[in-house]
Amino acid sequence: MDVILVRDYEEMSARAAEIVIAALRQKPDAVLGLATGSSPEGLYARLIDAHTNDGLDFAPVVTFNLDEYVGLGPDHPQSYRAFMNDRLFDHINVKPQNTHVPDGLAQPLRAHCAAYEEAIRQAGGIDLQVLGIGRDGHIGFNEPGTSLGSRTHVAALAPETIEDNARYFAGPEEVPRFAVTMGIASILDARRCILLAGGAGKAEAVAAAIEGPLTSQVPASALQMHPDTVAIVDEAAAARLRRADFYRWQDRNRSQILDRL
Ligand code: PGA
């Protein structure tokens, strides 16, 4: 895994935006895998800015979100569909029919999960997957213990996740207990991944995911198996990384090496 250490949330968002924008310039009809939560909000604001002020065209882009709460429809203000419309889709020219978020009201859910996997396949697979990381090391709603071979499935939220996500709801009891989420194997199929992590609350999960053993107990550690993942980590979230100096050195010298390839 490549690790880019940055000062703060702004720099994390700016580095992520550079990568996504470069990917879209190179492949205008790219398939993007998207995430909800605080981590990618700054990235989305920059993508909106690139669209509004630099003409970045989202018309040919296709998107697939990682997850959605079971029981919340698209009109529910806390649904991930509503989050994505509000933070990104309503402000760019992506075609609504090209934006995919799992349907938390689908019945039967199991068939919907299989259809979601199939839709990703039909679209040609995900070119670039944006990820946050949970305090417990989850990616998507793949909580500790989720099979590293999992595909899109219905998952139970871990207590830490319910606590963390309660900030979007009236209280923890309002947070749905289940979600539809792309699985770890579905995420690993993406051609490239960007993991965004900021804030002291993520420090332990970040260290375990990047430098700890590969284990289903830390779902994000599965990214160690992925051939093209970059983790963009701010200072607070990097506090427990042991090889921080090396990552900084590598990042400083990256352009020299890339120029010669
Ligand atoms: P956050 O959530 O971006 O709101 O910190 C990340 C996650 O739970 O995956």
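The values are calculated or read from the model by the stated rules, or taken from the named source; none is laboratory data. Computed from a predicted structure; not experimentally measured. Note that each Cβ is placed from the backbone with ideal geometry, even for glycine, and that neighbours are counted across all protein chains shown. For the accessible areas, the whole protein counts, side chains as well, though only heavy atoms, and no ligand, DNA or RNA atoms are used. Shrake-Rupley method; radii C 1.70, N 1.55, O 1.52, S 1.80 Å.
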- prompt: Which residue, of Leu109, Leu131, Leu56, is touching a Cys at 6+ places or on another chain (Cβ under 7 Å) and either open to solvent by less than 20 Å² (accessible area, probe 1.4 Å) or in contact (Cβ under 8 Å) with a residue 40 or more places away in the chain (or both)?
  reply: Leu131
statement: Pairing a residue in segment 139-159 that is at positive phi with any residue that is open to solvent by less than 50 Å² (accessible area, probe 1.4 Å) and assigned to a strand (DSSP E or B), where Cβ atoms lie under 7 Å and the two sit 6 or more apart in sequence or on different chains, gives Gly140/Asp67; Gly140/Thr181
- prompt: Which residue pairs have Cβ atoms closer than 6 Å, lie 6 or more positions apart in sequence or on different chains, and pair a first residue in segment 186-208 that is among the polar types (S, T, N, Q) with a second residue that is not in a helix (DSSP H, G or I)?
  reply: Ser186/Arg151; Ser186/Thr152
task: Would you list the strands (runs of 3 or more DSSP E) that sit entirely within segment 142-261 and hold 1 or more residues that are under 18 Å from the mean Cα position of the chain (by Cα) and among the polar types (S, T, N, Q)?
output: 178-181, 229-234
query: If you take the residues of segment 37-84 that are of a type in the set (S, T, N, Q) and farther than 22 Å from Tyr9 by Cβ, which of them is nearest to the ligand (Cβ to nearest atom)?
result: Gln78
message: Just to verify a result, which residue in segment 157-171, among those that are open to solvent by 30 Å² or more (accessible area, probe 1.4 Å) and farther than 23 Å from Glu204 by Cα, is farthest from the ligand (Cβ to nearest atom)?
response: Ala170
field: Enumeration of residues in segment 230-242 that are touching a residue at least 60 places away in the same chain (Cβ under 8 Å), buried (at least 19 other Cβ atoms within 10 Å of the Cβ) and farther than 16 Å from Glu18 by Cβ
entry: Ala238, Leu241
message: Restricting to segment 176-189, and then to whatever is hydrophobic (A, V, I, L, M, F, W, C) and in contact with a strand residue (DSSP E or B) (Cβ under 8 Å, 6 or more places away or on another chain), can you tell me which residue is surrounded by the fewest Cβ atoms within 10 Å (Cβ to Cβ)?
response: Phe178
query: Is it the case that Arg121 is surrounded by fewer than 19 Cβ atoms within 10 Å (Cβ to Cβ), within 25 Å of Val233 (Cβ to Cβ) and away from the ligand (no atom under 13 Å from the Cβ)?
result: no
query: For His51, all conditions in the list (1) touching a His at 6+ places or on another chain (Cβ under 8 Å); (2) surrounded by 18 or more Cβ atoms within 10 Å (Cβ to Cβ); (3) under 22 Å from Ile120 (Cα atoms) hold save one; what is the number of the exception?
result: (3)
